[in-house]
1. Would you list which lysines come within 17 Å of LYS41, measuring only between C-alpha atoms, while excluding same-chain residues fewer than 8 positions from it?
2. With angles folded into 0 to 90 degrees, how steeply does helix 25-36 sit against the dominant principal axis of the chain? Use alpha carbons for both and round to 10.
3. Could you work out how far the C-alpha centroid of the range 55-127 sits from that of the range 26-40, in angstrom?
4. Counting each DSSP H run of 4 or more residues in the chain as -39500 (n - 2.57), what helix-only mean residue ellipticity at 222 nm follows after dividing by all residues, to the nearest 500 deg cm²/dmol?
5. Set the Förster distance to 35 Å, then compute FRET efficiency between ALA150 and VAL10 from the Cβ-Cβ distance, nearest 0.05.
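Every read-out reported here was derived from the displayed coordinates using simple, explicitly stated rules and does not represent laboratory data. As the structure is a prediction and not an experimental result, all values here were calculated from the model. Here the Cβ positions follow ideal geometry from the backbone for every residue, glycine too, while neighbour counts run over all protein chains shown.
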Amino acid sequence: MISTEFDEKVRTLQIVKEEQIAAPIEVVFEEMLEEMGSRYKGPNGVSLQLKIEPWPGGRWFRDLGNNAGYFWAHVQSIKPPTFLEFYGPMFMSSTTISQVQFRLVEESGFVRVNMIHRVLGQIPQVFSDGIHLEERWSAILQAVHDSAEAKTARRSRTTSS
């Protein structure tokens, strides 16, 4: 049996974010991997048990234990501490492909993190306006900002003591 449906439209979506963080670039990169991995919490504050394998071809996935979970993406490119790129379905259980790039640039006393998330495919209604994705990326980048600056402040206090 062959079934053909033309109801679902292929769409694109792009989220662009920028964050300035007063911390060394190595700290920002480390904190980004932690916030998007083991420390990530969903909108309800519950850990999603995410893991990132930080090498080319490594997985970004939700580990539920006992060989259960959700595949989010592969690491397409990683150049610590300046570049991280993922591709895959992300958190959309639909016929989509996402690509997310993070570029980190040191600039006079801070690090600028530029993020672009592009999606192509049959984007589920809950994501189609981009608001949910924009909110989640804003929360992640704010968490990276806060944790990197706090870690830098702690190191500074320890060094000056």
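1. Partners found: LYS51.
2. Taking Cα atoms only, the helix is inclined about 40 degrees.
3. 13
4. Counting only the DSSP helices, I get -9500 deg cm²/dmol.
5. E(calc), rounded to 0.05, equals 0.25.
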